[in-house]
Amino acid sequence: MKFDTESILKRKKRVKVIKIILFIIFIVVLYNIILLGISSVGENKSFNLFGYKAYIITSESMKPKIEIGDVIIVKKVGEEEINTDDIIAFKIDNELTNTHRIINIIDENGQKRYITKGDNNRDEDIEEVSYDEIQGKVVMVIPALGNVVNFMQDKMIVLVIVLIILIIALFYIIKSEKKETRRRKKNSEKKEET
């Protein structure tokens, strides 16, 4: 039986690239889940990770750009980096965090006030927002990840997922050990033949 070594090498390269891509996606998702957990625990403490915070959207005020269950990643930025048409997360009087678009900026005696409005709302927000009330500027929207996080808040589901991941990891460890054993055996047989 004759093997085409070139096609085998190409296949191995493709598999390696796919594994790298999946690993990167896994790390990004894991990072965001950790960020969400830290943000939800540290909501009142304004805890952030590397200057970023994550929030799960719970209203339709920013439809169609941001849907219920989407996760937004916000970054605290300087006042000079905030412009009209930016989407910001803000808290007024330490209430719930809102995420709306800036539609106007009023500058009175060097004090900027931001007029905000949800894309899906008919009217602008009643209260103006000061820079101190802004949690950050939206830098990324991850569709539906909030639904996954909310789903995973059930401890039994998390336990089952962790067990599945551990079983898969164990399977791959056993598989790689068997592969290594076969490789050693094959190498030793070649040495004995020569």
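Read-outs throughout are calculated quantities, based only on the coordinates presented, and are distinct from any laboratory measurement. Keep in mind it's a predicted model, so treat the numbers as computed, not measured. As a convention, Cβ positions derive from the backbone with ideal geometry for all residues, glycine included, and neighbour counts pool all protein chains shown.
Return the sequence-ordered ³J(HN,Hα) values of the stretch 21-29 in whole Hz as given by the Karplus equation 6.51 cos²θ - 1.76 cosθ + 1.60 applied to θ = phi - 60°, using x for Gly and Pro.
Computed from phi, the couplings for the stretch 21-29 are 4, 4, 5, 5, 4, 4, 5, 4, 5 Hz.
Just subtract the alpha-carbon distance of I24 and D86 from 0.36 nm times their residue separation and send over the number in nm, one decimal.
Numbers: separation 62, 0.36 × 62 = 22.32 nm, distance 2.87 nm.
In short, 19.4 nm is gained.
First measure r as the distance between the Cβ atoms of N147 and D119, then evaluate 1/(1 + (r/R0)^6) with R0 = 30 Å and state the FRET efficiency to the nearest 0.05. Show your work: numbers first, answer last.
Numbers: r = 20 Å, r/R0 = 0.68.
Computed FRET efficiency for N147 and D119: 0.90.
Only Lys, Arg, Asp and Glu count, each charged at its Cβ (+1, +1, -1, -1), so figure out the dipole size of the stretch 5-143 about its Cα centre, rounded to 20 debye.
Dipole about the Cα centre, nearest 20: 1720 debye.
Taking K and R as +1 and D and E as -1, what net charge do the other residues with C-beta under 12 Å from the C-beta of L145 add up to?
On the way: positive: none; negative: E67, D70.
With Lys, Arg at +1 and Asp, Glu at -1, the net is -2.
Between V77 and R182, take the C-beta separation as r, use R0 = 45 Å, and let me know the FRET efficiency to the nearest 0.05. Could the numbers behind the result be given before it?
Values: r = 55 Å, r/R0 = 1.23.
Given R0 = 45 Å and the Cβ-Cβ separation, E is 0.25.
Sorted from fewest to most neighbouring beta carbons within 10 Å, what does the list S188, S59 look like? Before the final figure, lay out each step's value.
Working: S188 10, S59 15.
The most exposed by this proxy come first: S188, S59.
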